[in-house]
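S.K.: The structure follows.
The values are calculated or read from the model by the stated rules, or taken from the named source; none is laboratory data. Computed from a prediction, not measured in an experiment: that's the story for all the values here. Please note: Cβ atoms are built from the backbone with ideal geometry, for glycine as well, and neighbour counts cover all protein chains shown. Surface areas here come from the heavy atoms of the whole protein model, side chains and all, with no ligands, DNA or RNA. Shrake-Rupley method; radii C 1.70, N 1.55, O 1.52, S 1.80 Å.
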Amino acid sequence: MSAPADQPEGRGPRGDDGGAAGRAPQGRRAGRHRPRRRLLRSAPAGRPAGQPRLRRGRRRPAGEGPRRCRPAAHLRLRRRCRRGPGHARHPRCGARPRLARASPADADHPRAAHAGLRRRGPAAALPVPAERGGAGDRAGRRRGRRDRRDAVHLRAADRRRRQRLPGGVPPRDDQSRRRRRAHCGVVPRRRAVARRPAGHAVKLARQRLVVVGAGIGGLATAAAFRRAGAEVTVLERRRNLRTAQAGGGIHLWHNGVRALDRLGLAEPVRDLGARGGVLHTAEFCSHRGAVLASWPIREIERELGAPTVGVSRDQLHALLFGAAEGAELRLGAECVGLTEEESGVRVLLADGEVLAADAVIGADGLNSLVRGNLLGQAPPRPAGYATWQAIVAHDGGDTTRVGLFRVLWGPGARFLFYRLADGKLYWEGQFASAEGGRDPDGGRRDAVLRRFAEWVAPVSEIVEATAEEAISRLDVYDRPPARHWGRGRVTLLGDAAHPMTNAMGQGANQAVEDAVVLAGAARAASSWPEALREYERRRIPRTTTMVRTARNLQRLNRWSNPLACRLRDQLIRVGFSVALRKHAKDMAISL
C-alpha cells in the first residue's frame, strides 16, 4: 500500500514511525512493540551541535567553562565542589572544590583539599591529579570504594550506638561528618557559637529550689545551688539527720574529690587524707593472699591533681552540711505529691502544707517517692548478696597500713578494708544471700567469723576487734537504667535516679557529680526545663555505664564453685590490669 502524497513514506498518520497506521512490520509479529531510535536532543547553548552530552561524573574537556561536579551522593554530602583558583581538581570529576572561609589556623588543615593534599596558603596552587586511566586514577577509585564502604559502616555503628543509649538520642557526633566532608576536600566550616546574652540565662539568685532528701546527693545539690545564689529548701522525712545515711565508709575516688573541689571542699577533704585517709595503692587478691592485680592510685593522683580518700559517711555528711550553709533544712517534712504548673511546681507535704518552687530535685534515695510520681512505682532489684560492714579502731601491721585499699575474693564472698582518718579502719564483707536474710540475735560477729574463718590474715583479726553492735547488715539493691529521669521542672538525682551496687564504690561519687553538673546546666540554660534536660543528657549515659558495670562485677561475688573461682582469679589478673586504663579515663571526666 502506497503512502499519501502529502505524507512521507514510512510515517503513519500520527507522525510517529511504526505506529498502528504506519508501515507494516518487517520480520516481526504484528502488534509487538518496536524500540524507538535514540535521537540526538538539541544541544544547549555553549555546546556545538552534534557533540554528545557528557554523563555525570566524567571530566569536562578543557575550555568549556565552569560547572558543578556531581556531589558524592553515597556519602550524602550537602555541599558541591566548584571550580576555584588555586585548588586541586576533584580526582573523579575534575572540578575544583569550593573551600569554606578559613582562618589562618585552618590553612594547614589536613583535609583542606582533595586526595589528602595540604593547602600551603590561601591561594597556593596544588598539583593536579594524574590523567584518567593512569595508576593515580585507579588508586583514587580504590580509595573511593573504600571510603564508601567505611561510610556505610560508620553510619550503621553510629545508628546502633544511638539506639542503645537510654535517655534519648544524643546529638550526632561531628567526627563522622568531618570524615564525609574530607572525602570531597571541603574544609570543615567553623560554626559560630551562639552566645546567649548574660541576662537571658536562668537567674538563680531569684529562683527557689526544693530538694527532696537530705542524703549525700541532696546536700551536695543544696551546696552547689547555694554557691550560685539560689534559695534552697531541703526536705527530709526523718527527724534525725544522722539516720538519713545507711552504711559506714565511703571510698572517694578521684572523680568524687574533683567534684567536691567544685563545691569548695578541697581543703577539708585533703585534710582528712592528711590525717590518714588517703589511699595510694589498690590490691586485688585471692582469699589465700595471692595478689591478682594492683593499681598504682598515686600515679593517677599526680596526673589529675586529686587524691583518693577514705571517709566515713558521717564525715562526708558533715562537710556537705557545712557547704550548704544558708539552705533551709526541714526535718520531719515528708513529700507526698507534686503538681506542676506553667510557672512552677507545688510540693504537697504529709501535714497538708503546700510549698511553691521553681524546680524540684528528687534525691530521696532508693525508694524515692518523686521517682514513683515520674516513672511509676516499681520495687528495686535485689543484687543477690548482702553485706556486713563496720568501722573499727585498728592499728595493725603492714597488712592494714595507711594508704592501702585491699579487696579479697573467695568462694561466694568478698572482703575489703581501707584506712580512714584518725586511725580508724573500715571493713566490709559481702556474701551471697537471699533478700531479707537475718543473722541470729547476738551472734552477728560470730556469723562473720564463721563465714571468713579460712581467709588470709588479717580478716579474722579485724572482725574480732569489732564490737557486736558496730556491725550492720544490709541487703544490696539497684535498678535497671532509666531512659529519662524527669519531666518539665522536676528531675531525679543520686540513688533516686541511678541506684547501683557497691561493687565499684561509685554511688556517692556519682551523686556529687550529679549535683555539680546540674548546677552548671542551670547557669547556662534559659529555662528550668532546658537546664534539667541538658543535665539528663549529660549524666544518663555515664551513670548507665556505671550501673551496668557494677551489676556485672557483683556477679563475681557469688561464684563459689572451685573451677569458677579459679576462672574468676584469672579474669581479675588479666581484666583488672586492662581496666586500669579505663578507670583512669573515667576519673578524668570533665564536670
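S.K.: Can you find a residue in the range 485-506 that is among the aliphatic types (A, V, I, L, M) and more than 17 Å from Leu375 (Cβ to Cβ)?
M.R.: If we filter the range 485-506 for residues that are among the aliphatic types (A, V, I, L, M), which is where we start, we get 490, 492-493, 496-497, 500, 503-504.
Among the residues that remain, those that are also more than 17 Å from Leu375 (Cβ to Cβ) are: 503-504.
Checked against the condition, which is being among the aliphatic types (A, V, I, L, M) and more than 17 Å from Leu375 (Cβ to Cβ), the range 485-506 yields at least one hit.
S.K.: Looking at the range 307-397, what strands (runs of 3 or more DSSP E) fall wholly within it and have at least 2 residues that are under 30 Å from Asp261 (Cβ atoms) and open to solvent by 50 Å² or more (accessible area, probe 1.4 Å)? Before the answer, list the steps.
M.R.: Values: elements: 308-312, 328-331, 335-340, 345-349, 354-357, 359-362, 381-393.
Of the strands (runs of 3 or more DSSP E) lying wholly inside the range 307-397, those with at least 2 residues that are under 30 Å from Asp261 (Cβ atoms) and open to solvent by 50 Å² or more (accessible area, probe 1.4 Å) span 328-331, 381-393.
S.K.: Also, I was wondering about something else. Take the residues of the range 445-489 that are of a type in the set (Lys, Arg) and open to solvent by less than 50 Å² (accessible area, probe 1.4 Å): which is nearest to Ala378 (Cα to Cα)? Even if it seems obvious, please write down each step before you answer.
M.R.: Taking the range 445-489 first, the residues of a type in the set (Lys, Arg) are 445, 450-451, 473, 479, 483, 487, 489.
Applying the additional criterion that residues be open to solvent by less than 50 Å² (accessible area, probe 1.4 Å) yields 473, 479, 489.
Values: Arg473: 24, Arg479: 9, Arg489: 22 Å.
Across the range 445-489, the extreme among qualifying residues is Arg479.
S.K.: Output the residues belonging to the range 493-522 that are β-branched (Val, Ile, Thr) and closer than 17 Å to Thr549 by Cβ.
M.R.: Residue satisfying the conditions is Thr501 alone.
S.K.: Are there any pairs with C-beta distances below 9 angstrom linking a residue in the range 388-408 that is within 18 Å of Leu252 (Cα to Cα) and of a type in the set (Phe, Trp, Tyr) to a residue that is modelled with pLDDT of 85 or more and in a helix (DSSP H, G or I), with the two at least 6 apart or on different chains, and if so which?
M.R.: Short answer, once both residue conditions are applied: Phe405/Ile297.
S.K.: Here's another thing I want to ask about it. Which condition does Arg450 not pass, out of (1) farther than 28 Å from Thr281 by Cβ; (2) in contact with an Asp or Glu (Cβ under 9 Å, 6 or more places away or on another chain), if it passes all the others?
M.R.: Answer for Arg450: the failing condition is (2).
Quick grid of which residues meet (1) open to solvent by less than 30 Å² (accessible area, probe 1.4 Å); (2) in contact (Cβ under 8 Å) with a residue 12 or more places away in the chain; (3) in contact with a helix residue (DSSP H, G or I) (Cβ under 6 Å, 6 or more places away or on another chain); (4) aromatic (Phe, Trp, Tyr):
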| site | (1), (2), (3), (4) |
| --- | --- |
| Glu513 | yes, yes, yes, no |
| Leu532 | yes, yes, no, no |
| Arg537 | no, yes, no, no |
| Thr545 | no, no, no, no |
| Trp559 | no, yes, yes, yes |
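S.K.: Check whether at least one residue in the range 343-363 is in contact with a strand residue (DSSP E or B) (Cβ under 7 Å, 6 or more places away or on another chain), within 20 Å of Val547 (Cα to Cα) and of a type outside the set (Phe, Trp, Tyr), and report yes or no.
M.R.: First, the residues of the range 343-363 that are in contact with a strand residue (DSSP E or B) (Cβ under 7 Å, 6 or more places away or on another chain): 344-350, 354-363.
Still in the running and within 20 Å of Val547 (Cα to Cα): 362-363.
From the residues that got through so far, the ones that are of a type outside the set (Phe, Trp, Tyr) too are 362-363.
Within the range 343-363, one or more residues are in contact with a strand residue (DSSP E or B) (Cβ under 7 Å, 6 or more places away or on another chain), within 20 Å of Val547 (Cα to Cα) and of a type outside the set (Phe, Trp, Tyr).
S.K.: Could you please let me know if Gly218 is part of a helix (DSSP H, G or I), in contact with a strand residue (DSSP E or B) (Cβ under 6 Å, 6 or more places away or on another chain) and at pLDDT below 95? First the steps, then the outcome.
M.R.: Values: part of a helix (DSSP H, G or I): yes; in contact with a strand residue (DSSP E or B) (Cβ under 6 Å, 6 or more places away or on another chain): yes; at pLDDT below 95: no.
So Gly218 does not fit the description; no.
S.K.: Suppose we keep only residues that are surrounded by fewer than 19 Cβ atoms within 10 Å (Cβ to Cβ) and of a type in the set (Asp, Glu) within the range 283-306. Which one would you say is farthest from Arg566 (Cα to Cα)?
M.R.: Filtering first and then ranking leaves Glu303.
S.K.: Sort out which residues of the range 259-279 are within 25 Å of Ala390 (Cβ to Cβ), out of contact with any Asp or Glu (no Cβ under 7 Å at 6 or more places or on another chain) and open to solvent by 50 Å² or more (accessible area, probe 1.4 Å), and write them in order of number.
M.R.: Asp271, Ala274
S.K.: Follow-up. Kindly indicate which of Gly442, Gly436, Gly410 is buried (at least 20 other Cβ atoms within 10 Å of the Cβ) and more than 31 Å from the chain's Cα centre (by Cα).
M.R.: Among Gly442, Gly436, Gly410, only Gly410 is buried (at least 20 other Cβ atoms within 10 Å of the Cβ) and more than 31 Å from the chain's Cα centre (by Cα).
S.K.: Same structure, new question: With the checklist (1) in contact with an Asp or Glu (Cβ under 7 Å, 6 or more places away or on another chain); (2) open to solvent by 10 Å² or more (accessible area, probe 1.4 Å); (3) aliphatic (A, V, I, L, M) in hand, flag the one item Ala524 doesn't pass.
M.R.: For Ala524, the exception is condition (1).
S.K.: State whether one or more residues within the range 492-506 are surrounded by fewer than 21 Cβ atoms within 10 Å (Cβ to Cβ), under 17 Å from Val211 (Cα atoms) and out of contact with any Leu (no Cβ under 7 Å at 6 or more places or on another chain).
M.R.: Scanning the range 492-506, I find no residue that is surrounded by fewer than 21 Cβ atoms within 10 Å (Cβ to Cβ), under 17 Å from Val211 (Cα atoms) and out of contact with any Leu (no Cβ under 7 Å at 6 or more places or on another chain), so the answer is no.
S.K.: Tally up the residues in the range 454-475 that are farther than 20 Å from Arg419 by Cα, touching a Ser or Thr at 6+ places or on another chain (Cβ under 7 Å) and either part of a loop (DSSP other than H, G, I, E, B) or of a type in the set (S, T, N, Q) (or both), please.
M.R.: The total comes to 0.
S.K.: Here is a further query. Taking Ala519 as meeting all but one of (1) in a helix (DSSP H, G or I); (2) open to solvent by 10 Å² or more (accessible area, probe 1.4 Å), write down the number of the exception.
M.R.: The failed condition is (2).
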